[in-house]
1. Kindly indicate which of Gly71, Gly37, Gly58 is in contact (Cβ under 8 Å) with a residue 60 or more places away in the chain and on the phi > 0 side of the Ramachandran plot.
2. For region 71-83, give me each residue that is within 14 Å of Val145 (Cα to Cα) and either open to solvent by 30 Å² or more (accessible area, probe 1.4 Å) or part of a strand (DSSP E or B) (or both).
3. Restricting attention to region 54-70, which residues are farther than 18 Å from Leu158 by Cα and either open to solvent by 10 Å² or more (accessible area, probe 1.4 Å) or not in a loop (DSSP other than H, G, I, E, B) (or both)?
4. Among the residues of region 103-133, how many are part of a loop (DSSP other than H, G, I, E, B) and open to solvent by 70 Å² or more (accessible area, probe 1.4 Å)?
5. Would a scan of region 176-185 turn up a residue that is over 14 Å from Leu29 (Cα atoms), at pLDDT 95 or above and either open to solvent by less than 20 Å² (accessible area, probe 1.4 Å) or of a type in the set (S, T, N, Q) (or both)?
6. Scanning region 155-169 for residues that are of a type outside the set (S, T, N, Q) and under 24 Å from Ile138 (Cα atoms), which turns out surrounded by the most Cβ atoms within 10 Å (Cβ to Cβ)?
7. Out of (1) open to solvent by 60 Å² or more (accessible area, probe 1.4 Å); (2) touching a residue at least 12 places away in the same chain (Cβ under 8 Å); (3) farther than 21 Å from Gly172 by Cα; (4) not acidic (Asp, Glu), what's the single condition that is false for Gly93?
Amino acid sequence: MRRVPAKLLLDHSSVVAPALLGKVLRVDLGEGDVRSGRITEVEAYGGLDDPASHSARGETPRNRPMFGAAGTVYVYFTYGMHWCANIVTGAVGDPQAVLLRAVEPIEGLDAIRAARPRARRDRDLANGPAKLCEALGIGQWANGVALGADVGGRSIRLLDDGTSPPAVPLVGPRVGISVAQEIPWRFRVPS
């Protein structure tokens, strides 16, 4: 597997999002705890002109990573109990990101199952943005970190094993938001 070229992340989030389908998200938590999954669902969030984006009202301490370089990880806490992870896209200062909504686990399955004991089936281990973070061990430690950077022995990498994105991904409206729901920027691998 090779790293996804940084230039792939320089486009608008709505272009990058479907290109991430099929890529591998690999999290190394240190001490041999490596977990990975193939990206199966994502959502794009545009910059300042996207009312559903965390960046729509400008830069804040919470969303600061979105204003950084493409390939920065933006992790936020939601509903007072869940982490969600995004990959920043586009140019510095143009705050766009792709929310990682689901992965199909492919490495570290025992650790993933242990992290998600309530999941009844393997397909339910990481089929939502909060489940994905819980399963792969992504939390506040990853916020603002560049893909591939080492943070106290932990890292997140975006890899390409040669699996192409689907020629025709499923496209639909974003979910879990209260504005701009009609924008079809949710992309999924067909089942």
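The values are calculated or read from the model by the stated rules, or taken from the named source; none is laboratory data. A quick note: this is a predicted structure, and the numbers were derived from the prediction, not measured. All Cβ positions, even for glycine, are placed from backbone atoms using ideal geometry, and neighbour counts span all protein chains on display. Accessible surface is based on the protein model in full, side chains and every heavy atom, while ligands, DNA and RNA are left aside. Shrake-Rupley method; radii C 1.70, N 1.55, O 1.52, S 1.80 Å.
1. Working: Gly37 fails: on the phi > 0 side of the Ramachandran plot; Gly58 fails: in contact (Cβ under 8 Å) with a residue 60 or more places away in the chain.
Only one candidate qualifies: Gly71.
2. Answer for region 71-83, where residues must be within 14 Å of Val145 (Cα to Cα) and either open to solvent by 30 Å² or more (accessible area, probe 1.4 Å) or part of a strand (DSSP E or B) (or both): Thr72, Val73, Tyr74, Val75, Tyr76.
3. To start, the set of residues in region 54-70 that are farther than 18 Å from Leu158 by Cα comprises 54-64, 67.
Those that are farther than 18 Å from Leu158 by Cα and either open to solvent by 10 Å² or more (accessible area, probe 1.4 Å) or not in a loop (DSSP other than H, G, I, E, B) (or both): His54, Ala56, Arg57, Gly58, Glu59, Thr60, Pro61, Arg62, Arg64, Phe67.
4. Total meeting the criteria: 4.
5. Among the residues of region 176-185, not one is over 14 Å from Leu29 (Cα atoms), at pLDDT 95 or above and either open to solvent by less than 20 Å² (accessible area, probe 1.4 Å) or of a type in the set (S, T, N, Q) (or both), which makes the answer no.
6. Ile156
7. Only one criterion in (1) open to solvent by 60 Å² or more (accessible area, probe 1.4 Å); (2) touching a residue at least 12 places away in the same chain (Cβ under 8 Å); (3) farther than 21 Å from Gly172 by Cα; (4) not acidic (Asp, Glu) is unmet by Gly93, namely (1).
A quick yes/no check of all residues on (1) touching a strand residue (DSSP E or B) at 6+ places or on another chain (Cβ under 6 Å); (2) among the hydrophobic types (A, V, I, L, M, F, W, C); (3) closer than 18 Å to Ala52 by Cβ:
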site	(1), (2), (3)
Ala91	no, yes, no
Arg113	no, no, no
Ala135	no, yes, no
Gly148	yes, no, no
Val151	no, yes, no
Pro165	no, no, no
Gly172	yes, no, yes
Ser191	no, no, no
